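Heads up: the structure comes next, in structure tokens.
The values are calculated or read from the model by the stated rules, or taken from the named source; none is laboratory data. Source: prediction; values computed, not measured. Neighbour counts are summed over all protein chains in view; Cβ atoms, including those assigned to glycine, are modelled from backbone coordinates with ideal geometry. All accessible areas refer to the heavy atoms of the entire protein, side chains included, with ligands and DNA or RNA removed. Shrake-Rupley method; radii C 1.70, N 1.55, O 1.52, S 1.80 Å.
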Amino acid sequence: MPVQLDLSSLTFLVVEDSAYMRTILRTMLQGFGARRIVEAEDGASGLEAMDRANPDILILDWVMPILDGADMVRMIRVPSNPFAYIPIIMVTGHTERSRIIEARRLGIHELLCKPISAKSLYQRIQSVVLAPRDFVKTPTYFGPAPREIRNRQNIWQAKPGDKAAS
């Protein structure tokens, strides 16, 4: 049976330029038991809302006017920022491989592709709550450590034609 999270004590910040999409996300979060949901319609107002709301989890659209999600993440993922370590779930309708790689380079925790489902949103929230990742700081990256690759040894040590490789 899946773990049922108690989200009532967490504060969520939803930064999304579409009022319709904000309503969908808020309704889903409320359905999961979230009680503190703050909304902003672009990255600039999202940064202001972070200071006011002190959120625990940021749900952020990628494409927005004024300051888009990627720019907002770049401003947050700076070690001196008080919110540098906040879990970020990025929402996007753009699912090209290059966009997914860019999201990883930005230091987001989870990527959620539109159209979103309640199940997929809940899974991303579960991931950031139940499986927090350590942060890594290198000269070119600051963000959550990449997930472990299952069977890494098998991938690297298997020989062609080996059953372990498949």
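By how many degrees, 0 to 90 and rounded to 10, does the Cα axis of helix 118-130 deviate from the longest principal axis of the chain?
Approximately 80 degrees, to the nearest 10.
How do M90, M28, M75 stack up against each other in accessible area, from largest to smallest, with a 1.4 angstrom probe?
Values: M90 0, M28 35, M75 95 Å².
Descending accessible area places them as M75, M28, M90.
What is the angle, in °, between the Cα long axis of helix 43-53 and the longest principal axis of the Cα atoms in the chain? Nearest 10 is fine, range 0 to 90.
Here the helix axis deviates by roughly 80 degrees.
Share of antiparallel DSSP beta bridges in the chain, in percent to the nearest 5?
Of the beta bridges lying entirely in the chain, close to 15 percent run antiparallel.
Label 7 Å along Cα→Cβ of Q126; the stretch 11-36 residues with amide nitrogen under 15 Å?
32-33
Rounding to the nearest 10 and keeping the result within 0 to 90°, find how far the Cα-based axis of helix 97-106 lies from the longest principal axis of the chain.
The angle comes out at about 70 degrees.
All other residues with a Cβ under 12 Å from the Cβ of V63 taken together, and with Lys, Arg as +1 and Asp, Glu as -1, what is their net charge?
Working: positive: R99, K114; negative: E16, D17, D42, D61, D68, D71.
Surrounding charge for V63 is -4.
Which value results for Rg/Rh of the stretch 97-146 when Rg is the Cα radius of gyration and Rh the Kirkwood radius based on the inverse mean 1/r?
Rg/Rh: 1.01.
Where only protein heavy atoms count, and the probe is 1.4 Å, what is the accessible area per residue for the chain in Å²?
It amounts to 59 Å² per residue over the chain.
On the accessible surface of the chain, probed at 1.4 Å, how many percent belong to carbon and sulfur atoms? Before the final figure, lay out the partial values.
Values: 5190 of 9730 Å².
Ligands and nucleic acids excluded, carbon and sulfur reach 53 percent.
Answer rounded, prolate or oblate for the stretch 1-56, using the Cα gyration tensor with square roots of eigenvalues a ≥ b ≥ c: rounded when a/c is under 1.5, else prolate when a/b is larger than b/c, else oblate.
Values: a/c = 2.98, a/b = 1.53, b/c = 1.94.
Oblate, since a/c reaches 1.5 and b/c is not below a/b.
In vacuum, with every alpha carbon of the stretch 1-151 counted as one equal point scatterer, what does the Debye formula give for log10 I(q)/I(0) at q = 0.08, 0.09, 0.12 Å⁻¹? Two decimals, please.
At q = 0.08, 0.09, 0.12 Å⁻¹ the computed log10 ratios are -0.20, -0.25, -0.46.
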